[in-house]
1. What fraction of the DSSP beta bridges in the protein assembly as shown is antiparallel, stated in percent and rounded to the nearest 5?
2. Could you work out [θ]222 nm for the protein assembly as shown from helices alone, using -39500 (n - 2.57) per DSSP H run of at least four and dividing by all its residues? Round to the nearest 500 deg cm²/dmol.
3. Please compute the volume of the convex hull spanned by the alpha-carbon atoms of region B:460-518 and report it per residue in Å³.
4. Bin width 10 Å, alpha-carbon pairs only: give the P(r) of region B:44-84 as whole percents, running from 0 to the bin holding the largest distance.
5. Along its three principal axes, how long is region B:263-324 when you only count alpha carbons? Whole Å, largest extent first please.
6. Full extension from residue A:275 to residue A:234: what is 0.36 nm times the residue separation minus their Cα-Cα distance, to one decimal in nm?
7. In a Debye calculation with equal point scatterers on the alpha-carbon sites of region A:61-107 and no solvent, what is log10 I(q)/I(0) at q = 0.16, 0.24, 0.28, 0.33 Å⁻¹?
8. If one computes the Cα centroid of region A:186-238 and of region B:527-581, what distance in Å separates the two points?
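What follows is calculated from the coordinates using simple rules that are stated; it is not laboratory data. These figures come from a predicted structure and were not determined experimentally. Note that we place each Cβ from the backbone using ideal geometry, even for glycine, and neighbour counts take in every protein chain shown.
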């Protein structure tokens, strides 16, 4: 399959195809989306205006036989942060795009008539826009149902937005269908669903009929490296055992015991109810009800942290909510009801909302007295407001920062406008460095210091002390940017950090795939390149070191139970980008 | 009267007095508020958090016999812009404070119990906080009525916030009573009312019994200079004739004819209905109904642009709405009903809202389809939502930027988060430089280029061309910062720009007042100092040149009738602060 770049103009409603420019030849995933944004989107563009572009790109190893290579990067200038954004999703879209030869799909400009919604149909030969008024206003589940009704379920992968994206809400996500064609895998963070909505694009239908796994230049070498890689993932205790058995929510008890579980809108570091909603409990509930554990969110996944969560009657409700979702709608709001949290997960997926942003937002709303802490029914009603687009829903759907502004709250957990995830930086200092310095705003996946601070993967750096945290986060952020470019799931990092052969296998697979001769330094260089592209873009958009800070109260309000504050100094944070020229 | 600094701690509920530090001896007004913020408020403080401080300061010439020296500066870190803020108000507070020897009043920290509201009582001897639950939730008019009932109307000046400030809304203003003890003179911009509200401070009562006009060191020299100054104001056609006769709304026809009246949320540059709501019409309506023209908003004003506007039955409704208010609630929303606009002016004053921010916000809301353009009744209902603190009201009361975010609008007229005022920079390029570069965010008073671009005061710079606009705005911003420090009304600038003796008189009055020997260069140096303090503060808060830009669409969407875009280049804008080291 020839490499393709598909360019969709939503003003002229035309689709064109371009050859892959030489300068993007080595790029994929986040490297591709960030490079195109830097090249084509003015840093001061209005995020929901015609100058912004929405870019989808599978990774360098997407569509190959490599384990866990099916992550999709979605990029744009973020309406939430005002900076560059890559939001990363599982599901089938990336594998399918890659097999179809699509290295990037660029959506630009806006329709003349903002009331119309369109679906982009893409197959191996062509791509075209069709007006689909029947999808307007639908949630992701209904939209996907209608699309499957139209296109069938064979060779189908779908990308959709829900009501939140159509409304242009800053917490809006973009949904990708999983292997069961359910819209459960989201490019969640940064409001990219609002960018898609602003362009009138409700859905993308990929039909990969006639495609097959991408063929490497050197098949034998690829097979050897891919086996080595998969074996390392299966051997590591986190990726081979913890994640398949308990899913990401294996962290619930771990982070709670570490005193780093943000509780009651980041006012405490542990939650009495955590054990009731832990990964262990979730595991048993899922199996009792005939759900699934050890489920892969995309084909080729060997870690299988996904799961399928049924309701009390044994009917499908949602995918197994992730740790971050269970935290955000759970301890952060003092809610310890797993079924209520699963309902909210389903609602977030359906409305098309980032579960982290929404849980953090509801925490802020509870702080403002809109709803009581611990009131699960009240929290569900708040999500209904978002779904219905009421004024209150518009506030909440605009995320934690705007909600704090509208209700005069002075205790809002956000960096660069994006809500902080499920790890309090006062107890886990390394993740605070990532929150502060990431080009993405408050984000944990950009440099998952939990690995080394808490799980003792890749060594150990004391989570309560400032020493070594900047270096830890920097190394992780560089490595993660490279993994995101490769299209690999972030969880492969557990094996990569502990097992040299897992890291070797990655560049060996890329070499075998493309006939290259990369070494470990080239991987690091790629990660640095990606971060530098993003950092420069953000600088041009007006970001400075002053934006690389946690909220002031994290420096002054000690967090129980350790009663520590965030203590990495500004000067240390300002050394983060010392690898840039 | 000895110079006093009053420091009010809202956490401990204590008031202390300090001598004026030597380093602030030459400061007043905006120089004082900005210097104290720079010294005492961390640039990354949460604006509604305990670290922010709210500072009130009369000008260097406040309380003297100088004409028009009664402007009050109110400063804080702005919750609307995130940068330093000085909002400037008429009314009686500054004259009274100055006569009482109060050079600055600093309000810091926050009460333990956020449900309580307090009044600060200040007389010539002491100051104390009293809890005043009876004021909670009241609009400014009712609050002032209650306070007059308690304290009487002799020697009384009041500073209050309405519901908006109590709710912490980003468009909340701080009201100062005028000579008739009506809360009509507002420190409007930047949400300082929310800062006051966050501190639980509902009102300040000043009792100036026993004070008199401040005595100059050299009485004779002062008298001579003050006479020269007043004479220049009375002789100039703008300050001696246009403003007293027609008020600031004399500009309605002028700016409309210049094609620079932002119409329909800044989509057009002239408004068919402008002549129906012009200063000339307003003048006749006021006189027919027994209102007042040529009214001074504070004692010592010789320009008297204020007026009193009665309703159809001849009963007091509000002060004569200013040009910017009539524009914001008028042409910007396609409303040409003067009485409806006057009702909104009254509501803004009562709820405690910046009229510019609110009109711009309603324009954005109309663009989002919340209410039809031209629907005056609908617009009034939107203000009722703000007053009542409904979710929609919370959105609108958070200003144009947040409203645009919540409703997905990509055409929002704001710079640094603050709504743009009544002059479209595509037709009046000089004011665009001020909007872009001012430390205050989108603001016209910081460097009123209209004077030279349109009114041909201080020379003429072609409003449609980029040439000379940066220099014009720079000179005006420097001069204005000095006037704001002096406590002089910005309108004295018309005379100062055209009449050398008016400028001389200013430093001659300061010299005579304090026994100094300043020359013209010292005035300019003071203005530069103030701007440099503010610029450095904003830099530390994370602002860069990238923030000194107009919205992108002002560079790409030509404005009828001239069909021009904003054409001052980024490189020219970046030269603005070339006077700083």
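1. 80 percent
2. Taken over the protein assembly as shown, the calculation gives -11500 deg cm²/dmol.
3. Expressed per residue, the convex hull around the Cα atoms of region B:460-518 is 87 Å³.
4. 28, 35, 23, 13
5. Principal-axis extents of the Cα atoms in region B:263-324, largest first: 39, 29, 17 Å.
6. 12.0 nm
7. Each listed q corresponds, in turn, to -0.48, -0.85, -1.00, -1.20.
8. Cα centroid of region A:186-238 versus Cα centroid of region B:527-581: 43 Å apart.
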